[in-house]
Each structure stands twice: as structure tokens, then as C-alpha cells.
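Here's the structure, in C-alpha cells; my notes come after.
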Amino acid sequence: MTTNAPRTNESARNRTIVHLRPGHVQPIWAGHPWVYAQAIARVEGPTPSPGDEVRVLDPQGRLLGRGFWSPRQAIPVRLVARDEDADLDASGWLIERLRAATARRRAIGLPDASTNGYRLMHAEGDEVPGLVIDRFGTDEQGRGGVAVVQAGTAALRRRATQLIEAIEAVLAPEAILDRTPASVAKGEGFDLDDRLNRGGPISVLSFRERDLAFEIPTDLAQKTGFYFDQRGLRARVEALAKGRRVLDAYCYVGAIALGAARGGAASVVGVDDSLRALEVAAACARLNGLGGRGEVRFERADVRQDLPKRAAAGERFDLVVLDPPKLAPKRGDRDAAITYQTRLVEQAAPVLEDGGIMVVCSCSTAIGPAELARSLAIGARRAGRSATVLERLGQGGDHPVPAAFPEGIYLSTLIAELGRR
């Protein structure tokens, strides 16, 4: 195992230095991990290549941190260390971060006997920007199972050998599966390859969440295979579902719907436009003994077209969940996404009984709780309804965020009661 050796002053002097402009220091000093292009005054020393280590100094020459160079991005530097100690070309610092992330999950009870699928490494939240590791089917110590990895920076790809060494040392997975998106690789300027894959061919990701069993085929290419960030919402919907008619829109593999059925819902309908996702949802319902007694049914449709049809047919529900895919991947998509979200609420309101519960979600940083609440209010008002927010939820504790990094807070959920005006 490669260990971290103290860095010499000579080694530090030979690194490229990124000098910051006055007025751009405080966020980074406070713990923000990104150095934006407009914050850079000048770059001194050897011309860095993508993935090279650089040192970041304030205007007085004091070290703020060390990170990796990404010249093709609006964020040229992502910080990974705040001192000179760790050798960032060895595996030791990655082992240290994985151990810290494991301890952080254990502190919030993950994994346990009922849940062995969760996020183990959440990029900036665990001090390794660009690195996401989701765990499927671990033992109660967080070892074994499958580690699904997204290594989304040129720096991490260059250090693939060290990353594999760290993952195997700390997590001892039976297999490692690389699910880095091609779009991310293109943006960072590297080619995808098989260097991060280990173990035999993986066709199914098997795990448990809150004692519900899931088997997700790896050909269902959504993120790493499952949305662990909504675990809290799934539990809350299950608690609210008893005796209610539930509509789970954009249901994907039906995790919310299954929780609602187990919670005693009078009926549950899951809607999605992906036939493959619905097939998996139905299989998971059967796996949990919820598919043979009529508790859950899954229907293929475009939600935006389906809601008006249900309203016209006189269908009514007591609890409607609206959890669309990411609507604003970039800040420039914000206005169109808010319009979409508002229209979605307007279309869903007619199928919700007076006094019923509507759950609205946004997984885009650009649409936070304030924007989501405005969409909810306007959409409901256009449908002749009033909306009262009862609860606010966000991403789970296995998706941590540095306090100085508001960009990391991307998931917003409102649980509201809709009445008549």
C-alpha cells in the first residue's frame, strides 16, 4: 500500500501556483472547494496539464489549498487539500478520505440490517471533487457488495490505479463498476475506458433499503442505478400513505410507490415514460410481495400528457408525488425549468382531492426551496387551489455538503396541502 509521505519544500516550490485576485479569497478560505476562472489573477510556474496538481495562494502569498487543474472548465481548480502534507499522486490520501467517508456514514447508521444500499462518497461533500461512489449490497461494516463509481475529472482518471487501490483497501468490494457519464468525460477532455472496472460482469445491483429489496439491472442507465438521495422522502411518503390513493409521477423503478403500498395506501399508481424502468418497478413489487394483490400498478405515459387525461376522466388521488428528472442542468436552464415545474403543479392539482397532499421535488441547484415554493403557489393558484407547505426535505445524510458550498445543496422537496380557494 502506498502511503502519504510529507512533502518537501522543494517539491512544493516546483508546483504550479495559482494566485487569486483580491476579493475572491473569503469563500475559499471558509471552505469552498472551487476556484472559478474569474477569481484567478495569474498562474505562475510550469504550464499545468489537465489533472496536474496546483497550489492556490491568496494575494499575500499564503497557501489556501492544493487541487487539480481543469483548464476546459469554468472551474479551473477543485481543491482537495488545505496543507502541504499529502502526496496527491499516491493512494494514501484517497484511502484517508474513503475511511473518513465510511466513518461519516456509520455515524448516521449506514449501513445497517435494513439498508445496505447508500452513497459512500459524495464528491465535494467528502473532499474528493468529481468522485461519487454508491454502494450496493454491503455487509453491516460497509464492505463487500458492488461499488459503482463515477470519476468525473481528468485528475481522477489519471490516478485510476491509486483510486482502485484505495477502494479495494477500504471497501473490499466484490466488484467495481464504472458509470462515469460520457458527457462528463467529454467536458473534462478524457476518454472512458475499463481501468476502473473490477470483478466479473455485473448485470444486476441487489440491495435493501428500509427492508425493501431491490434488484436494478445495470442496463437501466440512470446515474449510478438508483436515487439514494430520496431515501428520506420515501420514508415520509410511506408514513403518510395509509388509507390514501397515491399517484407517484416520474416513478422510475417505483421506490416511492412501493413504500406507499407497504404503508397501507388504498391504491398506488406509478407513472413513467420508460418501459424498462416500469418493468423493473413491477419486478421489485413482486420481489417484495406487493405486486400480486393489486396494491401497486405501473403505467407507461408522459406525465405532462397523462395528468390532464386523468383529470378529464374524473380520477382523483389523496397524495400526488411529482419528482421529475433534473430540469435545470445549467443556470441558463433555470427559467424554462421553473415554467415547466409551475405547469406541472397546475396540471396535477385537478386530480388531487381537496385537502390532499402534493409532494413537489427539484434536483437542480438552480431551483431551490424558494423557487420551488413559488412554482407550487403559482401553479396551484392557476388551478384554482391554495397551497400550504407542511414540510421541507432535502438530500439525505449520505449526501453531505460543506457549509461553505451552497452549490452542493441540489435537492429540494416540499410537502404541501392543497385546498380550494
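Here, each number is a calculation from the coordinates, and none is a lab measurement. Note that the structure is a prediction, hence the values are computed from the model and not measured. Every residue, glycine among them, receives a Cβ derived from its backbone with ideal geometry; neighbour counts consider all protein chains shown.
Just to confirm a number: summing +1 for Lys and Arg and -1 for Asp and Glu over residues other than SER91 whose beta-carbon lies under 11 angstrom from that of SER91, what do you get?
That works out to -3.
Give the long-range amide H neighbours of LEU390: residues separated by 5 or more places, or on another chain, with amide H under 5 Å away, using H modelled in the peptide plane at 1.01 Å from N.
ILE415, ALA416, GLU417
Please find the FRET efficiency linking ASP193 to ARG106, where r is the Cβ-Cβ separation and R0 is fixed at 22 Å, and quote it to the nearest 0.05.
0.10
Can you tell me the length gained on complete extension of the stretch ALA404 to ASP273, counting 0.36 nm per residue apart and subtracting the Cα distance?
Length difference between fully extended and current span is 43.4 nm.
Among DSSP bridges having both ends in the chain, what percentage is antiparallel? Round to the nearest 5. Mind dumping the intermediate values first?
On the way: 49 of 76 bridges.
The answer is about 65 percent antiparallel.
What number comes out for the charge environment of ALA380, summing +1 per Lys or Arg and -1 per Asp or Glu over other residues with Cβ under 14 Å away? Mind showing how you got there, number by number?
Values: positive: ARG343, ARG374, ARG381, ARG382, ARG385, ARG420, ARG421; negative: GLU346, GLU353, ASP354, GLU417.
Net of charged neighbours comes to +3.
By count of other Cβ within 10 Å, fewest leading, how are LYS186, LYS223 ordered?
Final ranking by Cβ density, sparse to dense: LYS186, LYS223.
Taking the chain as a Gaussian network, where each spring joins two C-alpha atoms under 10 Å apart, which residue of ALA373, ALA100, ALA37 fluctuates the most?
Answer for the Gaussian network model of the chain: ALA37.
Which FRET efficiency, nearest 0.05, do ARG420 and ALA336 yield, Cβ-Cβ r, R0 30 Å?
0.50
Could you give the size of the charge dipole of the chain about its Cα centre, using +1 on the Cβ of each K and R and -1 on the Cβ of each D and E, expressed in debye and rounded to the nearest 20?
Magnitude of the dipole: close to 1040 debye.
Given points 7 Å out from each Cα along the Cα-Cβ axis, report the LYS326 to ALA313 separation in nanometres with one decimal.
In this crude spin-label approximation the distance works out to 3.3 nm.
Once you have the Cα-Cα distance between HIS19 and GLU168, take 0.36 nm times their residue separation minus that, and quote the gain in nm to one decimal.
50.0 nm
Roughly how far apart, in whole Å, are the Cα centres of segment 312-373 and segment 400-421?
One Cα centre to the other: 13 Å.
For the chain, modelled as a GNM with alpha-carbon contacts under 10 angstrom, which of VAL80, VAL43, VAL320 fluctuates the most?
It is VAL43.
Evaluate the charge dipole of segment 227-420 about its Cα centre and quote only its size in Debye, nearest 20, assuming +1 on the Cβ of each Lys and Arg and -1 on the Cβ of each Asp and Glu. Working shown, then result.
Numbers: 27 positive and 23 negative charges, 48 e Å.
Value, rounded to 20: 240 debye.
Rounded to the nearest 0.05, what FRET efficiency is calculated for ARG304 and ARG99 with R0 set to 35 Å and r the Cβ-Cβ distance?
That pair, ARG304 with ARG99, gives E of 0.15.
Could you pull out every residue, at least 5 positions away or on a different chain, whose amide H is within less than 5 Å of the one on LEU352? Hs are placed 1.01 Å off N in the peptide plane, and Pro or chain starts have none.
Hits under the 5 Å cutoff: PHE317.
When the helices in the chain are scored as -39500 (n - 2.57) per DSSP H run of 4 or longer and the sum is shared across all residues, what 222 nm value do you end up with, to the nearest 500 deg cm²/dmol?
It lands at -8500 deg cm²/dmol.
Out of these labelled values of semi-axes √(5λ) of the Cα gyration tensor in Å, (i) 52, 26, 21; (ii) 42, 26, 17; (iii) 32, 26, 20, which was calculated from the coordinates shown here?
(ii)
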